[in-house]
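The values are calculated or read from the model by the stated rules, or taken from the named source; none is laboratory data. What you are looking at is a predicted structure, and each value in this text was computed from that prediction instead of being measured. Please note: Cβ atoms are built from the backbone with ideal geometry, for glycine as well, and neighbour counts cover all protein chains shown. Side chains included, ligands, DNA and RNA excluded: accessible areas come from the protein's heavy atoms. Shrake-Rupley method; radii C 1.70, N 1.55, O 1.52, S 1.80 Å.
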Amino acid sequence: MSAAEVYPVRVDASLDAPLSRWLWLVKWVLVIPHYIVLAVLWIGFVILSAVAWVAIVATGRYPRAIFEFNVGVLRWTWRVQYYAIGAFGTDRYPPFTLADDPSYPAHLEIEYPQRLSRGLALVKWWLLAIPQYIIVGLFTGGGLWLGWRAGYSYGSWAGVGLIGILAVVAAVVLLVTGRYPDQIFDFVLGMNRWVLRVAAYAGLMTDRYPPFRLDMGGHEPGTLALPLAGQEPLAGQEPLAGQEPLAGQEPPLGAGGPAGPGGWTAARIASVVAGAVLVLLSLGLLGGGGAALWAQTQRQGGYVDFGTGRYTTPSYALASDTIGMHVTSGSWDAASALVGTVRIRVTPAYGSGPVFLGIVPAGAADRYLTGVAYATVQGTLDHHGTYTLHAGSAPSIPPTMAGIWAAQASGPGTQTLTWAVKSGDWMIVAMNADGSRPVSVQVNVAATLPALPWIATGLLIGGFACLVGGVLLIAIPLRKMS
């Protein structure tokens, strides 16, 4: 392969020999600390990739410090996967570092791009890469690498895909024969190389489209074999990150070395990760604050509408799950302060006879409904609920005569119940006023929510504070790296 055909993502690995016959059985447990760290590092990867996308669209350049961090995350993950289910290619425990370890048998380098296309940055990661995602999905069974782009949850990329299956097959052969099959190793490395190339392309690290080519074997085509630990690279061979080039030899671009004084130190990595977590938290707080602010503007007659749902049962009553509100402090009832007054409107679904609606302490409701055929409803108002049916017969007395209700409304047509919320365990019960069956009603719920403006303000202030703090924690190490 000519130098022009060498892809800017270089993936190399060497198969350790001998390998333990049994250690692969427990490696998935041994790497749990790595997976915990990587789960957090990938949060930073996602957020910094979004920052890099903005920078590329605006300037055509990938910020070098962000590039080094994201390459480090990919490199770290590749080492862990090579040790574990991605290959089982070594028994050496992966180092906890973003930098390349020349002595470790798995390496990843990405050539730093001097310029990137602004237009490609807009479409390559979600549109142009779709054919590659399909192939990578077959290899990985979903994908750690592309999960943040394609909507997959975090997990090992080789868990149920072809890579993981073949790695397990090789491990079983190793267990029986004491030798890892070379042919499987070459194939597994080729698939891993394909996945990493697509990951770099989707991560905006190169404009070169990943080739539809399975370059098998442990060493990247077009490059010489990796030197052993402590060995000088051969003439004409690019040194790995952390190795000194030969006299007169230029260091490779993007070899993963420090981008600034001190490089990616543990403190700087921790700062970026903490900043990324704060930024994610701020998005949730700002989203919640925005939703609360929007709900405040949608009040009608002083009430915030929670929606309408229709419920039907062939039995004698519809009952909600127990609604527990236990937020009191001395004489102050927080449930009343937060929720205020609830308004429930109930309408016979088919224009049938008088309907009944009541709010009742949960204990009293249980006693009244004991022996009665009724349905407990779970679900939100804007979706059909799920029902739990309770066997029994008709109620001994109609609901209007039960005398147990904290608030009630009954009669023909639409009935409106208003209730000033109090702490305690409560149930909402809907029936026909005469206690007959079936029961079919349309229910609308609204509440005054007097604390809503304060909740919206608190969420927005907290969200902005977390956003500013997160941006500073990310920006300060990036500035020092530049």
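Would you mind putting 189-198, 387-396, 83-92 in packing order, based on average other-beta-carbon counts within 10 Å, highest first?
Per-residue Cβ counts within 10 Å, averaged per peptide and sorted highest first, yield 189-198, 83-92, 387-396.
Rounded to the nearest 0.05, what FRET efficiency do LEU283 and SER396 give with R0 = 41 Å and r taken as the Cβ-Cβ distance? Could you check?
According to the calculation, E is roughly 0.15.
Whole-Hz ³J(HN,Hα) for each residue in region 425-440, computed from phi via Karplus 6.51 cos²θ - 1.76 cosθ + 1.60 with θ = phi - 60°, x for glycine and proline: what do you get?
Those phi angles translate into 9, 10, 9, 10, 10, 10, 8, 6, 4, 8, x, 8, 10, x, 10, 9 Hz.
Using a Förster radius of 56 Å, what is the FRET efficiency between THR386 and ARG479 based on their Cβ-Cβ separation? Nearest 0.05, please.
0.55
So how far, in whole Å, is the C-alpha centre of region 386-409 from the one of region 416-440?
Answer, in whole Å: 8.
What is the gain in length, in nm to one decimal, between THR370 and ALA349 on full extension, counting 0.36 nm per residue of separation less the C-alpha to C-alpha distance?
5.0 nm
Karplus couplings for region 87-102 from phi (6.51 cos²θ - 1.76 cosθ + 1.60, θ = phi - 60°), rounded to Hz, Gly and Pro as x?
3J(HN,Hα) across region 87-102, in whole Hz: 6, 6, x, 8, 9, 7, 5, x, x, 8, 7, 7, 6, 6, 10, x.
Hey, if you put +1 on the Cβ of every Lys and Arg and -1 on every Asp and Glu Cβ in region 58-140, which of ALA87, ALA106, ILE135 ends up farthest toward the positive end of that dipole?
ILE135
Along region 279-292, what does the Karplus equation 6.51 cos²θ - 1.76 cosθ + 1.60 (θ = phi - 60°) give for ³J(HN,Hα), rounded to whole Hz, x for Gly and Pro?
Here the 3J(HN,Hα) series is 5, 4, 4, 5, 4, x, 5, 5, x, x, x, x, 5, 5 Hz.
Keeping the other protein chains in place, figure out the carbon and sulfur percent of the accessible area of region 1-56, with a 1.4 Å probe.
C and S fraction of accessible area: 78 percent.
Could you work out how much longer the chain between ARG208 and TRP454 gets when fully extended? Use 0.36 nm per residue separation minus the Cα distance between them, nm to one decimal.
83.4 nm
Given a Förster distance of 41 Å, report the FRET efficiency between ALA267 and THR341 from their Cβ-Cβ distance, rounded to the nearest 0.05.
0.20
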